[in-house]
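Data first, discussion second: the structure below is written as structure tokens.
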Amino acid sequence: MKSGHKPLRILHAVGPGDAVDSFRHWRLGASYESETSIPYSAQYFSFCREHGVETHVVSSHPRVEAVRDGGFVVENKPKRGGASARGAWFHLREVVYGLSIVFLGVRYRADIALIDSGTSYWFVFGLFRLFGIQPIDNFHNAFWPAGFPPRKRSTRFIHRLDGMYLRWFGRVQIGVSPECQRQAEQLAGKRLKFIQYNAIYLVAAFE
């Protein structure tokens, strides 16, 4: 993955899921009975192990916990205020949490920051470029429900900032659907280097 003896380091911010629990399931070779597809997290952990990638995975799950295992560091780092945050406090919380992810990536000396939608506002992660860290944007969700763009002034302002980030700082985007790509390109005002990927479904779940 990377020349020389220094392994590639990826900071991966995965949004609100329970990253620690997912890691434990993957490490034990267990599966989620409720899943209809191979979990994205399991595929990511397997990729890192197979290619000798060191990774620090962080989620905003409300249960604070962290585990270390060889080249893996996995932690749940909740956002302040939980689901009760509203108005200006909500926006401030999102920005502060995003800044904490940037600081974590710098402290970890990451080469790449793989950021999932829902982690924070995208424009915050333009700061990674100041520290020589390459951000990669991972869209598990679109910006708005298809056909219903936001009307709220504050949301449209944030999307304008996110569009500037996608246009000038986001070099690579990956995502789960054509709609994610369409909306990202609409905000950026240009075609992006966008790679779509799909779930790998488990046949047994549909028998």
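Looking only at segment 32-88, which residues are more than 18 Å from the chain's Cα centre (by Cα), assigned to a helix (DSSP H, G or I) and at pLDDT below 95?
Of everything in segment 32-88, those that are more than 18 Å from the chain's Cα centre (by Cα), assigned to a helix (DSSP H, G or I) and at pLDDT below 95 turn out to be 82, 83, 84, 87, 88.
Here's a check for you: in segment 168-207, which residue that is part of a loop (DSSP other than H, G, I, E, B) and β-branched (Val, Ile, Thr) is surrounded by the most Cβ atoms within 10 Å (Cβ to Cβ)? Quick ask: steps written out before the conclusion?
Going residue by residue through segment 168-207, those that are part of a loop (DSSP other than H, G, I, E, B) are 169-171, 176-177, 189-193, 197-200, 202, 207.
Keeping just the survivors that are β-branched (Val, Ile, Thr) gives 176, 200.
On the way: 176: 18, 200: 10.
Of everything passing the filter in segment 168-207, 176 is surrounded by the most Cβ atoms within 10 Å (Cβ to Cβ).
Quick check on segment 141-167: of everything there that is over 23 Å from residue 92 (Cα atoms) and in contact (Cβ under 8 Å) with a residue 12 or more places away in the chain, which residue is most open to solvent (accessible area, probe 1.4 Å)?
167
Only one of these conditions is not met by residue 110: (1) open to solvent by 30 Å² or more (accessible area, probe 1.4 Å); (2) not in a helix (DSSP H, G or I). Which number is it?
It is condition (1) that residue 110 fails.
Can you tell me how many residues in segment 34-57 are over 17 Å from residue 201 (Cβ atoms), hydrophobic (A, V, I, L, M, F, W, C) and open to solvent by less than 30 Å² (accessible area, probe 1.4 Å)?
The total comes to 4.
Hey, could you check segment 123-167 for residues that are among the basic types (Lys, Arg) and outside any helix (DSSP H, G or I) and say which is nearest to residue 59 (Cα to Cα)?
Only one residue tops the list, namely 152.
Rundown of residues vs (1) without any contact (Cβ under 8 Å) to a residue 40 or more places away in the chain; (2) open to solvent by less than 40 Å² (accessible area, probe 1.4 Å); (3) more than 14 Å from residue 15 (Cα to Cα), yes/no style:
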position	(1), (2), (3)
59	no, yes, no
69	no, no, yes
74	no, yes, no
89	yes, no, yes
99	yes, no, yes
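The values are calculated or read from the model by the stated rules, or taken from the named source; none is laboratory data. Bear in mind that the values here come from a model prediction, so they are computed numbers and not experimental data. In this analysis, Cβ positions are derived from the backbone assuming ideal geometry, glycine residues included, and neighbour counts consider all displayed protein chains. Each accessible area value is taken on the protein alone, full model and side chains, heavy atoms only, with ligands, DNA and RNA left out. Shrake-Rupley method; radii C 1.70, N 1.55, O 1.52, S 1.80 Å.
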